[in-house]
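FYI, it's all coordinate maths here, none of it is from the lab. For clarity, every value in this text was computed on a predicted model and none was experimentally measured. When we count neighbours, we look across all protein chains shown, and the Cβ atoms used for this are built from the backbone with ideal geometry, even at glycine.
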Amino acid sequence: MAISVVMPALEMAQDSGKLVSWLKQEGESVRKGELLLEVETDKAVVEVEAAADGILAGITAKPGDVVHVGHTIAWLVKPGESVPAAVAAPTVAASQPEVAPPAAVTAPIGAPAPARSTPRISPKARRLAQEKGVDISRLSGSGPGGEILADDILAAASTQTSGKSAPIVAQPVPTVGRLMAERTTQSWTTVPHFFVTRDVDAGALNEARERVLPGVERSHGAKVTHTDLLVTIVARTLGNHPRLNASWTPDGIVQHEDVNIALAIGVENAVVTAVIPGANRAALGDIAVRRRELAERAQAGRLQPADIANATFTISNLGMFEVDAFTAIIVPPQAAILAVGAITPRVVPVNGQPAVRPMMSMTLSCDHRVVDGVRAAEFMRDLANAITSPQL
């Protein structure tokens, strides 16, 4: 029986996705779990796996098409099996041309796949080639089996421009960077932001990290960072403040049962958010492992659909860059985002006397349609208390 390949829903409130590329050619055999296509979402370019074994056939969407979620864009068939005769063209956004439905297949599918017109290339290198205008069909890759890598693209781009006078042109924006620009503009201009800032003594947080670090390293093979501690503490605090773990929708406010913490991760020329699901129920060691895996996949450009889905609250930590304090833009439909600065020694009053303490600034950005000032202040008060007396 033919299995339909549909435009997946990778995020809350997503109604369409942009097809970036097919990672298999029509007529090729595909194994369940193999990477099949790349889809552009609000936050990242995501690689989507095949849901079953089969032969890729009946493709109805081409790279660049914006397709409504749930519409069939191809089929996975068995050798000798035909694509279902009634194949509706996917509904695409008005800015994209309509994709005509394919003719009915009358001959059995199962002949050997045609030779690839281009060599093997990593997803990151493919996107870089598009940005730099490099013809990959002319390249020989330096990776295993001749795979073209990002370094090969950069070298080719450098060769193309050497010896030429460089005209003044606009700097091309990578896909993820363009998405970030569009979504932050939309959020800033449509969501009524307000901000609450709190300074907190991070001495107990530092001590907690040193205390739990050896045990987590032994049990999980991962180092505990301040971000891991903050994810744990923030998630548990959100359990007592459901309006901070909520979303604004056209039908009203939706409060989420699970606390799914998204972390802002810096990648080349952009920032993506990846999710630690059920962080309010997860052990610290599991959070540390998940955070490390997400960071590695984000840097390699290999985030999976589950890595970016269903976030309910976001943390953006710039402390490692020695930023004292900043404000962040909310990621709709979430109700809030927490911006965390560096832990730095400051002179503060302790028991009426000046003392040097490791202080950390946190700024909560809130959607005023969901959260009022009192709720935001109460959350920040409880979060500060949890940081000064961490129960890990």
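Inter-label distance, SER140 to THR249: 5.7 nm, where each label sits 7 Å from its Cα along the C-beta direction.
Taking the Cα centre of the chain as reference, the dipole from Cβ charges on Lys and Arg (+1) and Asp and Glu (-1) amounts to some 460 debye.
If we count every other residue with Cβ under 9 angstrom of SER21's Cβ, Lys/Arg +1 and Asp/Glu -1, where does the sum land?
Working: positive: ARG126, ARG127; negative: GLU38.
For residues surrounding SER21, the net value is +1.
What does the charge add up to near ALA336, with Lys and Arg as +1, Asp and Glu as -1, over the other residues with Cβ less than 11 Å from its Cβ? The answer is +1. Estimated at 0.36 nm per residue, the fully extended path between ASP53 and GLN391 surpasses their Cα-Cα distance by 117.0 nm. Shape call for the stretch 195-248 from the C-alpha gyration tensor, a ≥ b ≥ c root eigenvalues: rounded (a/c under 1.5), prolate (a/b greater than b/c) or oblate? Because a/c hits 1.5 or more and a/b fails to exceed b/c, the stretch 195-248 counts as oblate.
Multiplying each eigenvalue of the alpha-carbon gyration tensor of the chain by 5 and taking the square root yields semi-axes of 44, 25, 21 Å, largest first, rounded to whole angstroms. The C-alpha atoms of the chain define a longest principal axis, and helix 150-161 lies at about 70 degrees to it.
Applying a 10 Å radius around every beta-carbon, put 257-266, 315-324, 346-355 in order of their mean neighbour count, most first. Intermediate values should be presented prior to the final figure.
Details: 257-266: 20.5, 315-324: 16.0, 346-355: 9.3.
Averaged packing, sorted descending, gives the order 257-266, 315-324, 346-355.
For VAL323 and LEU35, the FRET efficiency from 1/(1 + (r/R0)^6), where r spans their Cβ atoms and R0 equals 41 Å, is about 0.70.
Using the Cβ atoms and a cut-off under 15 Å, what net charge is assigned to the surroundings of VAL196, where Lys and Arg are +1 and Asp and Glu are -1?
Working: positive: ARG198, ARG243, ARG375, ARG381; negative: ASP199, ASP367, ASP372, GLU378, ASP382.
Net local charge, VAL196 excluded: -1.
The label-point distance for ASN310 and ASN240, in a model that sets each label 7 Å from Cα toward Cβ, rounds to 2.6 nm.
What residues of the stretch 241-276 lie in the reach of a label at ARG369, counting those whose backbone N is under 20 Å from a point 7 Å from the Cα along Cα→Cβ? So the set is 242-257. Annotation: extensible slack from THR189 through LEU154 equals 9.0 nm (criterion: 0.36 nm per residue apart, minus Cα-Cα distance).
Once backbone amide H atoms are built at 1.01 Å from N, ARG120 has ILE148 as its partners under 5 Å, excluding neighbours fewer than 5 places away on the same chain. To the nearest ten degrees, helix 373-388 and the longest principal axis of the Cα atoms of the chain are 80 degrees apart. Evaluated at q = 0.10, 0.11, 0.13, 0.16 Å⁻¹, a Debye calculation over the C-alpha positions of the stretch 192-388 (equal weights, vacuum) places log10 I(q)/I(0) at -0.40, -0.49, -0.69, -1.05.
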